[in-house]
Amino acid sequence: MPLLTYLEAIRAGMRDEMRRDPSVMVFGEDVGAKGGVFGATEGLQSEFGEWRVLDSPLAESCIVGVAIGAALNGMRPIAEIQFQDYILPAVNQIVSEAAKIRYRSNGEWHCPLVVRAPFGGGVHGGLYHSQSLEAMFCHVPGLKVVVPSTPHDAKGLLVAAVRDPDPVLYFEHKRAYRSLRGEVPDGAYTVPLDRARVARAGEEIALFTYGMMVDTALRAADLLEAEGVSVEVVDLRSLRPLDREAIAGGARRCGKVLVAQEPNLAVSVASEVSAIVAEEAFEYLDAPVMRVGGPEVPGMPFAKPLEDFYLVDVERLAAKLRELARY
Amino acid sequence: MPLLTYLEAIRAGMRDEMRRDPSVMVFGEDVGAKGGVFGATEGLQSEFGEWRVLDSPLAESCIVGVAIGAALNGMRPIAEIQFQDYILPAVNQIVSEAAKIRYRSNGEWHCPLVVRAPFGGGVHGGLYHSQSLEAMFCHVPGLKVVVPSTPHDAKGLLVAAVRDPDPVLYFEHKRAYRSLRGEVPDGAYTVPLDRARVARAGEEIALFTYGMMVDTALRAADLLEAEGVSVEVVDLRSLRPLDREAIAGGARRCGKVLVAQEPNLAVSVASEVSAIVAEEAFEYLDAPVMRVGGPEVPGMPFAKPLEDFYLVDVERLAAKLRELARY
Amino acid sequence: MVVANKDVRAATGVDAGTLRTIYRHMLRSRLLDERMWILNRQGLAPFWISGMGHEAVQVAMALHLRPGVDWLAPYYRDLSMTLVLGITPREQLLAALARADDPATGGRQMPAHFSSRRLNIVSTGSAVATQLLHAAGVALASRMRGEDAVTVACVGEGATSEGDFHEAVNFAAIHRLPVVFLVENNGYAISVPIEKQMPTPDVADRARGYGIPGVVVDGCDPVLCYLRCGEAVARARRGRGPTIIEAKVLRLTSHSSDDDQRRYRTTEALEAERQRDCLIAFGHRLAGLGVLTPSAAEAMRVELLAEVDQATREAEAAPEPRPETALLHVVGEGAEAG
Amino acid sequence: MVVANKDVRAATGVDAGTLRTIYRHMLRSRLLDERMWILNRQGLAPFWISGMGHEAVQVAMALHLRPGVDWLAPYYRDLSMTLVLGITPREQLLAALARADDPATGGRQMPAHFSSRRLNIVSTGSAVATQLLHAAGVALASRMRGEDAVTVACVGEGATSEGDFHEAVNFAAIHRLPVVFLVENNGYAISVPIEKQMPTPDVADRARGYGIPGVVVDGCDPVLCYLRCGEAVARARRGRGPTIIEAKVLRLTSHSSDDDQRRYRTTEALEAERQRDCLIAFGHRLAGLGVLTPSAAEAMRVELLAEVDQATREAEAAPEPRPETALLHVVGEGAEAG
Ligand SMILES: Cc1ncc(C[n+]2csc(CCOP(=O)(O)OP(=O)(O)O)c2C)c(N)n1
Ligand SMILES: Cc1ncc(C[n+]2csc(CCOP(=O)(O)OP(=O)(O)O)c2C)c(N)n1
Ligand SMILES: [Mg+2]
Ligand SMILES: [Mg+2]
């Protein structure tokens, strides 16, 4: 099996689906000649032409709104938002329109649309190139939200998203693009859009997380193992819907739960995981469900000392695990 | 003390602040001659003139963006969004701009802005005139989010919001406008923007909620009292920041917790309350934290049987309380 | 009095049969619209939002479209347009009464949220102006597949203040997509008059900034509407790109059944609008042209009213949605079964 | 060679002193901009986004504003404009190096996110086009208080595709607010050329749709820019409402330090732009007019470079923000103390 970076795996997923299905198209800012600001769509325009890999105007509501229209008329658009931060002008099209079209038409219409967007920080991107805004969308019925944390899942979730009959928000951690490399099968395969993944088995603490924090979590679990504490790392992967069974199962088995994420905690994915654990595993808990995430500040600052302060690193995560282990 | 409706209390708060401070202005669709589609701004234009009570174009990003600019130049705008559903085109201005101006300028600029919007259902408004979208904003640092559930708080929170130096989202339940009436002091007073309120004292179950669900909760608590179960009803009132101490206190005292809200539960205010209880009151809990809210569907449908099915009514709430009491 | 068709065509540019067809569609829509108000006032339909005063341009536009081949992204005033395309009065009434069999939304949306997959009428929500971008996307797909379908998107003048209007026109113009943007300018957005909505009287002026034609037409003149709409549709079909057509129409009713326009418009202004009612004026004109005698018009009314009556009875008798069906159709497949 | 000022004025419409001032500001900006690139290439500044090729119109516009009285809602290319208004090279460098004393953002934002309360330069984020609405709101407040302040809002041609552009121009035009919208059209939005961004070559064409003047000016001609900007500012100040000024400028660098424009632009096109560099051309022109001799220009360069050198040293020596200060300034008062 070829070794691909996370970025290459995303690109391979798009390319394979575009070869398979002529209704799949890519639409977004700079996706054409430039191949996207991160290179995700590199080479696609020369293979599939200017229409199927179409540079949009600089207007995100346009990107998503036009993609919705195309989806209603037989296409399967992959809309690229250049940075997840810039998805906000498209929130009305996503939440009022894409998410509700099937429901409001009593099932007559549906909207097969993928919105890809790079999120996350630690890349010296400052307030507006580092955000993790997925929580806002994870509340919204009618949407699916996925975040791959390995090259394998990056391709498999992308293919599944393209084939899904409904809108899927596919968020890619920009720090993963070139830093993660792994085995990616040739050809088409899908990863289900509603299943978590045990990234590392363990027994004493179940650590639920997603995105680049999975990588941090695995390192922290290594540290803890050396100290004699067995940590299970669950990559949530699908943030809406969350995999209730995997969450309940991990919590029940381990009895102690830590939820970790990059952005601030209030009304977030971590909140929901904690609430699910409370509902599903109360009798099994040996300690309070703990959460760790970014501080409650409006964004990740640019200056390195500030950015470092914002991010949950291996040490902070390990410290929290130790606190839980000691409980 | 005069008895006012919730709507009258909101209007009184705006009028008093406009009389006190010439920099306070109202800006939104139909706020002028019509006095707003619900009548909240009735009479204000004739008292304060066309500039200070200004009909905006039909454009929500314009409403909030212009209000931000005016706030930066010495005004204290109250922006009205006609229905909370229609705040979505303004999300970029709210989240990328208003919420971040103080932080990104290292405290040099700040943005004293109130965004008022009617939310909630049970008014036969269908998918787009019934939503409760507050969760999306409760995640966002830099914002404050409040929801009054009595005429008294409606005025006091509004005055506090207008005087606050930072952006405050002030969400009004449209079913409360004419159905709630209560004592409202003349003259200026403020209700703090970060404190919950015990709406009814109780001992066995702490029920946390907000908006019109407070009313439902009080009725359900009456039912339970008749059955010998003592329920404390806490009106969260301030949804960002949540009042951690009040939540921890109620949970510790009662040992059983129910969180109720009108919209669906995933990644919502109820999730965060549950997570806070887990963090602050684990040792005190006698039962799992339970949540009750709307179903995971994209909106509240129009047809009465469907709308009724969506809404959590007194009976459903009471049933959940009984389940918790029995635990 | 029988007049030769060629004389009618010479006088109006349109043949007599088409004129009668236009009148008939306008009348049918008006009668159904009036019925909706009655049902609302009777407490049977909790909400209505009317197309009265907008009929002429809607009928004129719709007659140039091929139902199920061309596309429509409508807004809530497009009762006439959707009737012409093939949504039946019975279906419209099922929606107004929020019945289970409402084919547009299954009673999930407020009335006048038109939708028909069969007729290529795109599902609409309530947030204004979003449909303009959908129309551009629909047209993009037609264009990519080399089809000759035309997409019409409708919007009120107030909603053109939304950013989506600009983004849609810009995108459609860049790629010369086969879209016609129909602005139904009735001078008001709820209570906000056009002077507070935009700096110039004509939305169509904006077209020049996008290098496309912008056409203003008297929306009370069905003949002119028919001609101008035909040109715009033909232009789009020929691959020449989008047009903005702005019809100056009347809002003969309050914004909706929840509004009372006497609060913000003078009695005189309202009376003056009523005098210009496009349906009445067109009736007189057709009588004068000898195309439709008053008695033929009356017979038409009786026949159409019978259709509306029958549809009303059927809709009233139809069942409401079952409560638990509120859980259906959130996402496809698996979830649908659940 | 000394030329009479009145001859210069006759030839250019502007007096010699102003011409020299413009040149000096352009040169100062260019030297600082070049320094930023050097710091970036040295690995000292992780990011830079340049104003090279945009200097002429920015300087021309800024010279018509009263710092601290008039207002500016800039965008990231407005290095020259903010320098003229009074942000010092040292302050710009503190921002580029993300130092604690960066007065715009305290090192919190990427470089070129200008802000100064003292100078009425509104804090900007990175999401494009939002500042246009802020400018309209700032101007609304000035207008409501009856002040004669003018607000200038700047934007790239790509960002005019955003809905906020339309909403801002519409609102400002409705109320004839004292705003000047300056579109700095360099033909590209990152890699997307204007043909894929909009259907016509001139953003200024859109002005007519809002009933306001739209002026296209050669952004390589500082003299024309100075005259046209002056007219627009004066018009706004007289209460006659907004203007769109579109300057055709050059993007002499890649979009930013993260981009490489050779991937999407030909060598010939890039070379042709370089030949039209507004700074070099203006230097030749002033020499030809006898307003600034090459040796005087060289002396100016030496002096300004010394300023930039000194500022660089100071900025490099300045401390970085302390980590825990990341928690400050989320909301006012209480929280600030915490
Ligand atoms: C995004 C959004 N904002 C506000 C509303 C509330 N609203 C419904 S119709 C309307 C006025 C529309 O006016 P116009 O576009 O002129 O159409 P008309 O009703 O006059 O035909 C408003 C403000 C809405 N539906 N959507
Ligand atoms: C809302 C938003 N979407 C996307 C971006 C990413 N982005 C930054 S600059 C830019 C291109 C801007 O082009 P233009 O407006 O022409 O200005 P120029 O850089 O050419 O001066 C893009 C797409 C952004 N900053 N904000
Ligand atoms: Mg209108
Ligand atoms: Mg540009």
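Values quoted throughout were computed directly from the atomic coordinates according to the rules given, and no laboratory measurement underlies them. None of the values given here were measured: they were computed from a predicted structure. Cβ placement follows ideal geometry from the backbone for every residue including glycine, while neighbour counts extend to all protein chains displayed.
List of remarks:
- Looking at region B:199-237, the GluC sites (Glu not before Pro) that sit in a DSSP loop and have at most 15 other Cβ atoms within 10 Å of their own Cβ are B:Glu203, B:Glu227.
- The separation of region C:67-143 from region C:259-338, counted between C-alpha centres, amounts to 14 Å.
- Copies compared at A:Lys304 - label distances in nm, ascending, label defined 7 Å from Cα in the Cβ direction: 6.8
- Using a Förster distance of 30 Å, the FRET efficiency for D:Asp258-D:Ala10 (Cβ separation, nearest 0.05): 0.05
- Between A:Arg195 and C:Leu227, the modelled label-to-label distance comes to 6.6 nm, taking each label 7 Å out from Cα in the direction of the beta carbon.
- Angle between chain A longest axis and helix A:6-20 axis [Cα atoms, degrees, rounded to 10]: 40 degrees
- Spin-label model, D:Glu271/B:Ser179: points 7 Å from Cα along the beta carbon direction are separated by 7.6 nm.
- Shape category assigned to chain D from the gyration tensor of Cα positions, a/c cut at 1.5: rounded
- Using alpha-carbon coordinates, inclination of helix A:60-72 to the longest axis of chain A, degrees: 70 degrees
- B:Trp51 paired with A:Arg244, simple spin-label distance in nm, labels 7 Å along Cα-to-beta-carbon: 5.7 nm
- Calculated from backbone phi, Karplus (6.51, -1.76, 1.60) coupling profile of region A:246-260 in Hz, x at Gly/Pro: 5, 5, 4, x, x, 5, 5, 5, 8, x, 10, 9, 10, 10, 10
- Shielding by partners, peptide A:260-267 (average Cβ within 10 angstrom, other chains): 5
- Cα gyration tensor category, rounded, prolate or oblate, for the protein assembly as shown with a/c compared to 1.5: rounded
- Axial C-alpha extent at least 27 Å, average Kyte-Doolittle at least -0.5 - helices from chain C (DSSP): C:16-41, C:294-317
- Estimated FRET transfer efficiency when R0 is 45 angstrom, pair D:Ile38-A:Ala188 (beta carbons, to 0.05): 0.40
- The HN-Hα couplings worked out from phi for region A:35-50 by the Karplus form 6.51 cos²θ - 1.76 cosθ + 1.60 (θ = phi - 60°) are x, x, 5, 9, x, 5, 9, 4, x, 6, 5, 5, 7, 10, x, 6 Hz, whole numbers, x standing for Gly and Pro.
- Taking the C-alpha atoms only, the angle from helix A:314-326 to the longest principal axis of chain A is near 40 degrees.
- Legend: mean number of C-beta atoms from other chains within 10 angstrom of residue C-beta atoms, peptide C:142-148, equals 3.
- Looking at region C:5-315 alone, DSSP beta bridges between its own residues are antiparallel in about 10 percent of cases.
- Per-residue 3J(HN,Hα) values for region D:145-154, derived from phi via the Karplus relation 6.51 cos²θ - 1.76 cosθ + 1.60 with θ = phi - 60°, read 8, x, 7, 9, 5, 10, 10, 10, 10, 10 Hz in sequence order (x marks Gly and Pro).
- Antiparallel content of DSSP bridges confined to chain A, in %, to 5: 20 percent
- Lysines with Cα under 18 Å of B:Lys34, excluding same-chain neighbours fewer than 8 positions away: B:Lys174, C:Lys196
- Most tightly packed first, judged by the mean number of other beta-carbon atoms within 10 Å of their residues, the peptides C:244-254, D:114-124, D:164-174, D:283-293 read D:164-174, C:244-254, D:114-124, D:283-293.
- Global form of region D:75-124, assessed from the alpha-carbon gyration tensor, a/c cut-off 1.5: rounded
- Per-copy distances of the C:Asp7 label point, shortest first, in nm (7 angstrom along Cα→Cβ): 8.2
- Amide H contacts of A:Val234 (H built 1.01 Å from N, in plane; Pro and chain starts excluded): A:Ala199, A:Leu207, A:Phe208, A:Thr209 sit under 5 Å, all sequence-distant by 5 or more or on other chains.
- Closest approach to the D/C rotation axis among chain D Cβ atoms, residue and whole-Å value: D:Gly163, 1
- Across identical copies of the chain, D:Leu305 has label-point separations of 9.3 nm, listed in ascending order, with the point defined 7 angstrom from Cα along Cα→Cβ.
- Amide proton proximity set for B:Leu169, modelled H, under 5 Å, gap of 5+: B:Val115, B:Lys144, B:Val145, B:Val146
- Rounded to 0.05, the FRET efficiency of the D:Leu327 and C:Ile280 pair, given R0 = 51 Å and the Cβ-Cβ distance, is 0.15.
- Distant-in-sequence amide contacts of A:Asn264, defined by a placed amide H-H separation under 5 Å and a gap of 5 or more residues or a different chain, comprise A:Gly294.
- Looking at the protein assembly as shown alone, DSSP beta bridges between its own residues are antiparallel in about 15 percent of cases.
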